[in-house]
1. Which of the listed residues, A209, G307, L38, is farthest toward the dipole's positive end in the chain, when Lys, Arg count +1 and Asp, Glu count -1 at the beta-carbon?
2. Most mobile of R206, R26, R184 per a Gaussian network model of the chain (Cα springs, under 10 Å)?
3. How big is the convex hull of the Cα atoms of the chain, per residue, in Å³?
4. Could you quote the convex hull projected area for the stretch 45-154, Cα atoms only and averaged over all directions, in nm²?
5. Whenever you get a sec, line up K243, K237 from highest to lowest accessible area (probe 1.4 Å, protein heavy atoms).
6. For a distance above 19 Å, tell me the whole-number percent of Cα pairs in the stretch 212-312 that qualify.
7. With no solvent and one equal point scatterer placed on each C-alpha of the stretch 172-247, evaluate the Debye formula and give log10 I(q)/I(0) for q = 0.17, 0.21 Å⁻¹, two decimals.
8. If packing is taken as the mean number of other Cβ atoms within 10 Å per residue, what is the order of 226-234, 60-68, highest first?
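The values are calculated or read from the model by the stated rules, or taken from the named source; none is laboratory data. This is a predicted model, so every value here is computed, not measured. Positions of Cβ are backbone-derived with ideal geometry, glycine not excepted, and every protein chain shown enters the neighbour counts. We work out accessible area using only protein heavy atoms, side chains counted, and drop any ligands, DNA or RNA first. Shrake-Rupley method; radii C 1.70, N 1.55, O 1.52, S 1.80 Å.
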Amino acid sequence: MTALPSLDGLTATSRAPHPDPAGTARQALADAALDQGLDPTGAELLHDARNWTFRLPNSGAVGKVHNRATSHTEVLRQARTADALLAANFPTAAPLGRISEARGHLVSFTEDLGSKRPSEAQHGALIRRLHLLRPTGFDATPVDWVARAFTRLSRLRPTAISDTGRAGLHRFLTAAADAYRQARWPELCLTHNDITLTNSVLTDNRGPALLDLETLGLGNPGFDQAASAFARDAFGKDPVLHKEWVDGYGYDIAEADPGRYELLVPVVGASSCLFYLDWADRTRPEARPEAELRLETLLEGRSFPWGWVPLNMAKKPEPADTTRHAS
């Protein structure tokens, strides 16, 4: 790819107000939990990104406060997907209660399966098992990584990316999409599309279980297959851990089919960059340097390794009280 002459001003420098602060999410969690007879005291923030996920230690539950753009239909689809996986004897967290609305957010709850992570090999085997499931009986929407990336780019606010950066990333995506769509790909299957150990848990009696079904759908398994190799090449994942994941899954797309892997990388990279641009703009301004690094990496056509910093999903519990007080 031809390097652009200058990367100055690729991201916007102005700051917009943050409409979805974590404090509001915590309050929404407390309201919804109390309305459903759950105890939100001591709620532990597990995930602070597009949505907010909390562990309720006194209730054996995990609550997700969905961002305000999420529809009731989408949250309901996630619950139905979990029920369908469980009916197929595939381990995941069972939905609890009903979908609540609090402080402008939808809030859903699942059982708490604990915090122990599976090994890389166990996680790889779990994803392989998902790919082998028959998709019949699932409310699985098609997952198009390319179309989703273009949509994310179009929805970025001017405070997230400059006109120059937006145009450059659009050109990058267009070239990646053209190359991707010319290749032959395997038959679509159930895919998770957010392959990290943080989206799984090792249960005491059911083995590894898959979590965070927000991105699960009917898609190209190549994106799941490429996730571990991409983490190695972009984020510096230990190659030994990558090999363990491959041993569990039974296939290494980066080694067995490097041509296909090379077609997936720019799409995955653009998606990761777009997430960070939006995240830094809306709720986490401290992520701005990493967002700029990712954008520069793509537009300059840098070779691996990229030296990106992986998203830290876990945070220490906030000291704020989560109980409801009379006004």
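1. The Cα lying farthest towards the positive end belongs to L38.
2. Of the options given, R184 has the highest mean-square fluctuation.
3. Enclosed volume per residue, from the Cα hull, is 134 Å³.
4. For the stretch 45-154, the mean projected area of the Cα convex hull comes to 8.6 nm².
5. Ranked from most to least accessible, the order is K243, K237.
6. Beyond 19 Å sits 47 percent of the P(r) for the stretch 212-312.
7. Values, matching the q order: -0.84, -1.15.
8. With the highest mean Cβ count within 10 Å placed first, the list reads 226-234, 60-68.
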